[in-house]
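The values are calculated or read from the model by the stated rules, or taken from the named source; none is laboratory data. A quick note: this is a predicted structure, and the numbers were derived from the prediction, not measured. Note: ideal-geometry Cβ built from the backbone for every residue, glycine included; neighbour counts use all protein chains shown. Side chains included, ligands, DNA and RNA excluded: accessible areas come from the protein's heavy atoms. Shrake-Rupley method; radii C 1.70, N 1.55, O 1.52, S 1.80 Å.
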Amino acid sequence: MTSAPSPAPVPRPPTNQEKKRMRLTQQQAAEYHERGFLMLESLLDAQEVETLRAAFERDAKVPGPQVVTEDGGTEVRAVYSSHQRQQEYAGLVRDPRILAPVRQLLCDDVYVYQFKINAKPPFGGDKWAWHQDFLAWRIADGLPAPRQVNIGVFLDDVTEFNGPVIFLPGSHRRGLVREGRSASTRSEQHLDPDDISLSPGQLAEYVDRHGMTSPKGPAGSVVLFSPEIVHGSSPNMSPFARRLLIATYNDTANLPRPEGEPRPDYVVCRDTAPLRPLAAPFSQEPCAVAS
């Protein structure tokens, strides 16, 4: 006689403390709109970070054009669309601790426009030039308006030594600094920040007006940032990795309008159905799916 299969575990409801962390305070929302970014320190716990690191290591070994390597080497520079292959990331983009603040800052109906993990390996992970994300998306994808919110998840401790992202606070409120891209480009599909970087004169003027700051903190911290804030990062000269997951959420009423052939699905996600939050953190939803 065979026994009946065990019922699937029922995720516990979030605690009151977790509920509070799922919604930004009025002060936090105001800070995001004023400065162009907001840091949420240690939003994910250590076990969740380890789970995401393991998923990245698996996904970086999946062959395909979604894996971008450093110039002239085999070190992974970035991996795109991991949420389409790894269930941990499929759950993460719907985690209420992340999706709820995004919807609060943007609108109720959002989807993942782009998902990538910038690896920045030890001893030479390359720089990312000073740029604004929305310019790249407008040029490459015909994105109508800067109706996005980026979330950056620290998969490693981020310090002053391992190439943290540097923001120019408030620079998003001045709109786009430049128009168009450089004549010589690295890739038609990925549109590297070097293709749309600020000139030295532009950067000097913006830094003089806005200053510079780099959010740093333990692995599991999350930074939300505007698609128009000027930002960049230096090479990683340290022995410490700096893996940064960046998911970009877009308003479903603001879909891309490419003039020619759209970029591949692993670069610009085709699934534009509005996301709804999971009932509990992704780590308690082992079978989370992307839609």
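Which count do you get for residues in the stretch 121-173 that are among the aliphatic types (A, V, I, L, M) and closer than 17 Å to Leu38 by Cβ?
Qualifying residue count, the stretch 121-173: 7.
Residue-by-condition table, conditions (1) of a type in the set (A, V, I, L, M, F, W, C); (2) at pLDDT 95 or above:
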| residue | (1), (2) |
| --- | --- |
| Ala140 | yes, no |
| Pro144 | no, yes |
| Val165 | yes, yes |
| Arg181 | no, no |
| Glu188 | no, no |
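Filter the stretch 104-140 down to residues that are over 22 Å from Arg77 (Cα atoms) and in contact (Cβ under 8 Å) with a residue 40 or more places away in the chain, then give me how many there are.
Looking only at that region, the number is 9.
Among the numbered criteria (1) open to solvent by 20 Å² or more (accessible area, probe 1.4 Å); (2) of a type outside the set (A, V, I, L, M); (3) within 18 Å of Pro164 (Cα to Cα); (4) more than 14 Å from the chain's Cα centre (by Cα), which single criterion is violated by Arg257?
Result: Arg257 passes all but (3).
Taking interchain pairs and intrachain pairs at least six residues apart, which have beta carbon atoms under 9 angstrom, with the first residue in the stretch 200-223 and among the aromatic types (Phe, Trp, Tyr) and the second crowded, with 19+ Cβ neighbours inside 10 Å?
Filtered contacts from the stretch 200-223: Tyr206/Trp130; Tyr206/Leu168; Tyr206/Ser171; Tyr206/Val177; Tyr206/Leu198; Tyr206/Val230.
Among the helices (runs of 4 or more DSSP H) confined wholly to the stretch 1-64, which include 2 or more residues that are modelled with pLDDT of 95 or more and open to solvent by less than 100 Å² (accessible area, probe 1.4 Å)?
Ranges flagged: 26-35, 46-60.
Among the listed residues Pro264, Pro258, Pro215, identify the single one that is closer than 20 Å to Gln84 by Cβ, in contact with a Gly (Cβ under 9 Å, 6 or more places away or on another chain), part of a loop (DSSP other than H, G, I, E, B) and not hydroxyl-bearing (Ser, Thr, Tyr).
Sole residue among the options that is closer than 20 Å to Gln84 by Cβ, in contact with a Gly (Cβ under 9 Å, 6 or more places away or on another chain), part of a loop (DSSP other than H, G, I, E, B) and not hydroxyl-bearing (Ser, Thr, Tyr): Pro258.
Can you report the number of residues in the stretch 137-153 which are open to solvent by 10 Å² or more (accessible area, probe 1.4 Å) and either on the phi < 0 side of the Ramachandran plot or β-branched (Val, Ile, Thr) (or both)?
Summing the residues that are open to solvent by 10 Å² or more (accessible area, probe 1.4 Å) and either on the phi < 0 side of the Ramachandran plot or β-branched (Val, Ile, Thr) (or both) in the stretch 137-153 gives 8.
Of everything in the stretch 84-107, what is more than 20 Å from Gly36 (Cα to Cα) and of a type outside the set (S, T, N, Q)? Give them in sequence order.
Arg85, Glu88, Tyr89, Ala90, Gly91, Leu92, Val93, Arg94, Asp95, Pro96
Do we find a residue being in contact (Cβ under 8 Å) with a residue 12 or more places away in the chain, part of a strand (DSSP E or B) and among the acidic types (Asp, Glu) anywhere in the stretch 225-244?
Scanning the stretch 225-244, I find no residue that is in contact (Cβ under 8 Å) with a residue 12 or more places away in the chain, part of a strand (DSSP E or B) and among the acidic types (Asp, Glu), so the answer is no.
Could you count how many residues in the stretch 157-181 are among the hydrophobic types (A, V, I, L, M, F, W, C) and over 21 Å from Pro200 (Cβ atoms)?
Total satisfying the criteria: 2.
Scan Gly170, Gly175, Gly232 and give me the residue that is under 21 Å from Phe134 (Cβ atoms) and loosely packed, with under 13 Cβ neighbours inside 10 Å.
Gly175
Can you report the number of residues in the stretch 70-90 which are open to solvent by 10 Å² or more (accessible area, probe 1.4 Å) and more than 14 Å from Ala119 (Cα to Cα)?
Total satisfying the criteria: 7.
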